[in-house]
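Okay, so here's the structure we're looking at.
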Amino acid sequence: MKTYILFWNPAISSYKLEDFQREIDDYENADMNWGVWEYEKACAGDRFFMVRCGSGKTGICMSGYFSSDPYRDEDWSGRGRVTYYMDLEPDFMINPDYLPILSTLDLVREVPGFDWNGGHSGRLLDAKLAEKLEIVWEKFTEDHADMFTMRAIHLDVDPDSYSSKKSDEQIVRLYLTKEGKIGADDFDIDFEIQGDDLDDVKKQAIDAVYNELGKKTKIKFEYYDVEEKDYPMYEKALKLVLANKKNGMVFDDSYLDFEDKIVYLLHKVAVNSRELQKQDFSDEIIEAVRILERRPSEVFMDYVKRVARNENVIWILRGEIYEALCITKRESLDEDDLKSLNENLAALHYLKSLGKE
């Protein structure tokens, strides 16, 4: 998503202050377009900020997204220039005659490297500057939220449309299915996607939101039962699960403790602890996975006794034993199945003798 800066000088523009106020009063039905100088790379869904310039109070008085691709039309000034326009969908409007706006002086100080005083309207803002501008704009709107709301009440206008930042962000929730696929859904937009590639599922979710809303918008991906600070590690674990799972595996990562969840998933698909070191997993997770690794030629009961000494991972061993003993879904048992059952029964009785069954 690119960001463009639009300039508006009410003294010379065909769009007057009273037009701006009318759009605020009927915010949901706002019908606006604007000339865009650097239109070649612009497209629907790109971000815009409108800066009032000229005399009087100057600074950002509107933000939003383009709701159309560029199209050529008559020059608004009547001078016959080649002019391309884009339709606007505001998400925040401030009447500069009544309320504070993010001033030009603040923009020059907080987001240097761009001419904030005017010039061609619809200039592309550098990506790093755009990121900084979003931070400055969000702080400004939050700092003045109470004032904006009171003004909206006074004017009998919906505060969400007039005076507080109207979030255009969609929340897409990601989760691991029992079959080891990545699922994505959104409670507000009706879609559900599943796939074996995390990045591809995210792309499909973005496309689904776009198809539903008819425009590009911000999307935040969240994971069920995972705190935001743990998303990067969880994604690394999910990608390893997808790369190493085998047919028929069944997953249940609904454990409350995050590290338990990660250890369970990585052990389930038998990812080597050395591989985890390369990917900067925590020492605690690497050590837990290492303990659960069955060594070459290690007798099963020796493996059980070794793992049972560690209280942090014995619950995984116990779960695997009970899973191995569940035979109701099998149609018949061969000699290898019977051998496995006897080994796991012996392991279960051993854990019972320790009081850890």
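The values are calculated or read from the model by the stated rules, or taken from the named source; none is laboratory data. Predicted model, so just to flag it, every value in this text is computed and none were measured. As a convention, Cβ positions derive from the backbone with ideal geometry for all residues, glycine included, and neighbour counts pool all protein chains shown. Side chains included, ligands, DNA and RNA excluded: accessible areas come from the protein's heavy atoms. Shrake-Rupley method; radii C 1.70, N 1.55, O 1.52, S 1.80 Å.
A few notes on this one:
- Tally of residues being open to solvent by less than 10 Å² (accessible area, probe 1.4 Å), among the aromatic types (Phe, Trp, Tyr) and either more than 16 Å from residue 132 (Cβ to Cβ) or not in a loop (DSSP other than H, G, I, E, B) (or both) across the stretch 89-120: 1
- Single match in 138, 74 (criterion: out of contact with any Asp or Glu (no Cβ under 6 Å at 6 or more places or on another chain) and closer than 25 Å to residue 217 by Cα): 138
- Selection status of residue 59, at positive phi and modelled with pLDDT of 90 or more: yes
- The set of residues in the stretch 18-52 that are modelled with pLDDT under 90, among the acidic types (Asp, Glu) and either touching a strand residue (DSSP E or B) at 6+ places or on another chain (Cβ under 6 Å) or open to solvent by 70 Å² or more (accessible area, probe 1.4 Å) (or both) comprises 18, 25, 26, 28, 31.
- The stretch 262-318: number of residues that are in contact (Cβ under 8 Å) with a residue 24 or more places away in the chain and either in a helix (DSSP H, G or I) or in contact with a Leu (Cβ under 7 Å, 6 or more places away or on another chain) (or both): 26
- Tally of residues being within 22 Å of residue 35 (Cα to Cα) and buried (at least 18 other Cβ atoms within 10 Å of the Cβ) across the stretch 121-140: 6
- Being open to solvent by 50 Å² or more (accessible area, probe 1.4 Å), under 17 Å from residue 15 (Cβ atoms), in contact (Cβ under 8 Å) with a residue 40 or more places away in the chain and polar (S, T, N, Q) is a property that residue 55 has.
- For the stretch 60-95, residues that are of a type outside the set (D, E, K, R) and farther than 18 Å from residue 123 by Cα total 7.
- Residues located in the stretch 174-202, provided they are of a type in the set (D, E, K, R), under 17 Å from residue 225 (Cα atoms) and open to solvent by 20 Å² or more (accessible area, probe 1.4 Å): 178, 181, 185
- Counted residues, the stretch 243-270 - those being modelled with pLDDT of 85 or more, open to solvent by 30 Å² or more (accessible area, probe 1.4 Å) and among the aliphatic types (A, V, I, L, M): 4
- Subset of the stretch 344-357 [in a helix (DSSP H, G or I) and either free of Cβ contacts under 8 Å to residues at least 12 places away in the same chain or open to solvent by 70 Å² or more (accessible area, probe 1.4 Å) (or both)]: 345, 349, 352, 353
- In the stretch 182-223, the residues that are in a helix (DSSP H, G or I) and either among the acidic types (Asp, Glu) or at positive phi (or both): 199, 200, 207, 212
- Candidates in the stretch 293-335 are the residues that are modelled with pLDDT of 85 or more and of a type in the set (Val, Ile, Thr); of these, the one that is most open to solvent (accessible area, probe 1.4 Å) is 299.
- For the stretch 208-237, filtering for residues that are open to solvent by 40 Å² or more (accessible area, probe 1.4 Å), basic (Lys, Arg) and under 30 Å from residue 48 (Cβ atoms) leaves 3.
- Residues (hydrophobic (A, V, I, L, M, F, W, C) and closer than 18 Å to residue 64 by Cα) located in the stretch 7-16: 7, 8
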